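The values are calculated or read from the model by the stated rules, or taken from the named source; none is laboratory data. Owing to the predicted nature of the structure, the values given are computational and were not obtained by experimental measurement. FYI the Cβ positions are ideal-geometry reconstructions off the backbone, even for glycines, and counts take in every protein chain you see. Remember, those area values only see protein heavy atoms, side chains included, never the ligands or the DNA or RNA. Shrake-Rupley method; radii C 1.70, N 1.55, O 1.52, S 1.80 Å.
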Amino acid sequence: MGYPHQPHLKETVVLSQYFGDAEARTYDGWVKRGGYQALEKALAMEPAQVIEIVKQSGLRGRGGAGFPAGVKWSFMPKEKKKPHYLCCNADESEPGTFKDREIMRWTPHGLIEGCAIAQYAIQAEVTYIYVRGEFTEPLRIMEGALAEAYRHGVLGPNAMGTGKRLDMYLHRGAGAYICGEETALMSSIEGRRGNPRIRPPFPAAYGVFGMPTTINNVETLASVPHIINRGGAWYKSLSLSHPKSTGTKLFSVCGNVKRPGNYEVTMGFPLGELIDELCGGVPDGRTLKACIPGGSSVPILNREESESCKLDYEGCVEQGTMLGSGGLIVFDDSADMVYQIMRLARFYAHESCAQCTQCREGTAWTVRILQRILAGQGEAKDLDLLLDLSEQMTGKTICVLSDSCAAPVVSGIKKFRGEFEAYINGTRRPRPVLVHA
Amino acid sequence: MHETTYEPVFTGDRKKQLDQLLPRFPTKRAALLPALWMVQQARGWISDHAMAEVAEVLGLTPAYVKGVVTFYTMYHQHPVGKHFVQVCTTTPCNLCGAEGVVKAFLEHTGCKELGATSPDGKYTVIEVECLGACGFPTPVMIGDDFIENVTPEGVPELLRKYQ
């Protein structure tokens, strides 16, 4: 449901069914709506059975990478020799993405239930829910819901009366996009600077506190109770295009669009239809110019590509981009692509952890070149310089922040070269940058 | 050091609160971010003295604690205005006019530049990177309050609530 809007007939409402329903936030309200039945069901199974159902469902990571969730869980050691941990990644900071915030605000018990099921499946003693520091309201709501879950015996030493122990804690971030990267998130929980770590070793072998760890996104975990309740086959049947993309996905639509908000559709839904019908299209008198379908880290689509893009993992790859987090940024013909790409590059320059040279220097250099172009002081060779620099920033660092900066720059120059050239050759008036560098 | 006397943060209830957090983690170091939040909630910012106290309480070194404080943008290393205003200007909000909202805050608070505190000490205004509420442009944080759909025209009335 495109909260704050009424659900559209073409939506497939699963995760967002109770968005806007304040009663669903409470333990009693959640139980009345069938909540915690999936956890009860899962706790009566063997952990391996739970993993098998999630594998069957085809659920893939909703944070951006799209890795099959059940397969990820199966990487955890079967024979437990050390403590295991689950981390729920609620550090939602990818520009264009605001779905996890609504999941936490409206269905906190749904997330707790999903975490508890995953925690049991991977045999973890503790779940850390890492919430970005700015999300004061989701933090407050999650804190209240966790206290309720402990009070009602959902969590604690005798979870759901089964004698099994499930502990879950909130961990507040403090303003760092990079902590949404899974290894940086673990560093941050450990009380360190949020620096990503080289993989391997992968978290399932050596994760938070050096112990086997699984990290999943909020939306991934919130989908799990529905899969346990209704079965892997049901979830797998939700697919409009490619069979390897299953289930529903929340798309956060924003930018130049009449009705921004979260829309839940079946995987494979046409991007053009989402913008035109569900979101009411671009503002009156405007036309669609471009789209970023998966949060700011993925390549930009032009109008034609946007109109033929199917919203699933494979459909986005076919158009040369990625589904990412499902943060859909819409640009109409009034958007200044050079300025907005500079603004994206500045985001990455600000958020670089500064460990790797290519990223620390490359993101800042990219911003300087783009600002020079905007100021009317660019040269023709600057575009080649940007492309060369972007190539040096791709696939060469510990994490993909640097690649993410390069993606909109490279696709932007390729698809909107004329706008860059207009600043360089003086046919477009220089545009000063408002604020700090 | 401009502080001549330093009142420790972790005494009484706050010390108890911190001690209650420790069993959540296998290491004391992991309580660092929560401890720094407690300092900032108590004092409004995190001074070098406070960093040294946190280091002492958690068995870390002051330099280590400073290294962590400087990594995270939400920890204030200097005092800020009574109301700390953060305006999102990243691309999705920028497309919807967020820079106009920043200008309106700078104008109506009397803060001459971003990051500076107004002469009356009431406000500090900064730009912030993506607040994660892109469908509600422009989101603004004032202290711990998260406000959606702020427009330049709405800024004066909003500020009246934060005096």
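Between region A:202-227 and region B:31-53, how far is it from one alpha carbon centroid to the other, in angstrom?
30 Å
PRE reach from A:F67 (point 7 Å along Cα→Cβ): which of region A:79-114 fall under 19 Å by backbone N?
Under cut-off, by backbone N: A:79, A:84-94.
Within the set of other residues whose C-beta is less than 15 Å from the C-beta of A:V224, count the net charge using Lys and Arg as +1 and Asp and Glu as -1.
Within the 15 Å Cβ shell, the charges total +3.
Could you give the size of the charge dipole of region B:83-160 about its Cα centre, using +1 on the Cβ of each K and R and -1 on the Cβ of each D and E, expressed in debye and rounded to the nearest 20?
So the magnitude is around 120 debye.
Expected output is a single nm value to one decimal: the length gained when fully extending between A:K81 and A:E23, i.e. 0.36 nm times separation in residues minus the C-alpha distance. What is it?
Difference between extended and current length: 16.7 nm.
Among the GluC sites (Glu not before Pro) in region B:1-95, which ones are in a DSSP loop with at most 10 other Cβ atoms within 10 Å of the Cβ? Mind listing them?
Here the sparse-neighbourhood loop sites are B:E3.
Along the charge dipole of the protein assembly as shown, Cβ charges K/R +1 and D/E -1, which of B:L159, A:I329, A:S404 sits furthest on the positive end?
A:S404
Kindly give Rg over Rh for region B:12-71, based on alpha-carbon atoms, with the Kirkwood expression for the hydrodynamic radius.
Radius of gyration relative to Kirkwood radius: 0.93.
Give me the net charge for the shell around A:G412: Cβ to Cβ below 12 angstrom, other residues only, Lys and Arg +1, Asp and Glu -1.
So the environment of A:G412 carries a net charge of +3.
Excluding residues on the same chain fewer than 8 positions from A:K258, give the lysines whose Cα lies under 24 Å from its Cα.
Correct list for A:K258: A:K10, A:K99, A:K249, A:K289, A:K310.
Sort out the exposed loop trypsin sites (Lys or Arg not before Pro) in chain A (DSSP loop, at most 11 other Cβ within 10 Å) and tell me the longest stretch that has none.
A:82-437
Regarding region A:289-437, what is the average projected area of its C-alpha convex hull, in nm²?
Averaged projected hull area, Cα only: 8.5 nm².
Find the percent of Cα-Cα distances in region A:226-269 that exceed 13 Å, and round it to a whole number.
59 percent
Kindly provide the helix-only [θ] at 222 nm of chain A, computed as the sum of -39,500 (n - 2.57) over DSSP H runs of four or more divided by all residues, to the nearest 500 deg cm²/dmol?
Mean residue ellipticity at 222 nm (helix-derived): -12000 deg cm²/dmol.
Please state the charge dipole magnitude for region A:36-178, taken about the Cα centre, from unit charges on C-beta atoms (+1 on K and R, -1 on D and E), reported in debye and rounded to the nearest 20.
Dipole of region A:36-178, to the nearest 20 debye: 340 debye.
Using only alpha carbon pairs under 8 Å that are at least six residues apart, calculate the relative contact order of chain A and give it in whole percent.
Once divided by the residue count of chain A, the mean separation gives 16 percent.
Going from the alpha-carbon gyration tensor of region A:1-76, what semi-axes, largest first and in whole Å, does one get by taking the root of 5 times each eigenvalue?
Semi-axes, largest first: 27, 19, 10 Å.
Could you work out the per residue convex hull volume over the alpha carbons of region B:83-160, in cubic angstrom?
Expressed per residue, the convex hull around the Cα atoms of region B:83-160 is 73 Å³.
Given the C-alpha centroids of region A:43-77 and region A:345-369, what is the distance between them in whole angstrom?
Region A:43-77 and region A:345-369 have Cα centres separated by 35 Å.
So for chain B, averaging the separation of alpha carbon pairs under 8 Å that are six or more residues apart and normalising by length, what relative contact order in percent results?
Value for chain B: 18 percent.
Can you pull the one-decimal nm distance between simple spin-label points at B:E148 and A:K41, each 7 Å off the Cα toward Cβ?
Distance between the two pseudo-spin positions: 3.1 nm.
Quote the relative contact order of region A:232-299 in percent (integer), defining contacts as alpha-carbon pairs under 8 Å separated by 6+ residues.
It rounds to 25 percent for region A:232-299.
To check you understand DSSP bridge types, tell me what percent of the beta bridges within the protein assembly as shown (both residues inside) are antiparallel, rounded to 5.
45 percent
Taking the Cα centre of chain A as origin and charging only Cβ (+1 Lys, Arg; -1 Asp, Glu), how large is the dipole, in debye to the nearest 20?
720 debye
Once the whole set of protein chains is in place, how much accessible area is left on B:E153, using a 1.4 Å probe, in Å² to the nearest 10?
150 Å²
Would you mind giving the three semi-axes, in whole Å and largest first, of the ellipsoid equivalent to chain A according to its Cα gyration tensor?
38, 25, 18
Can you tell me the length gained on complete extension of the stretch B:D48 to B:K103, counting 0.36 nm per residue apart and subtracting the Cα distance?
16.5 nm
Can you give the three extents of the C-alpha atoms in chain B along their principal axes, from longest to shortest, in whole Å?
Principal-axis extents of the Cα atoms in chain B, largest first: 49, 35, 27 Å.
Structure shown: which of A:K41/A:K244; A:K78/B:K16; B:K28/B:K161 lie over 31 Å apart, alpha-carbon to alpha-carbon?
A:K78/B:K16; B:K28/B:K161
Quick one: longest stretch of chain B between exposed loop trypsin sites (Lys or Arg not before Pro), exposed meaning at most 13 other C-beta atoms within 10 Å and loop per DSSP?
The segment B:1-111 is the longest one with no such site.
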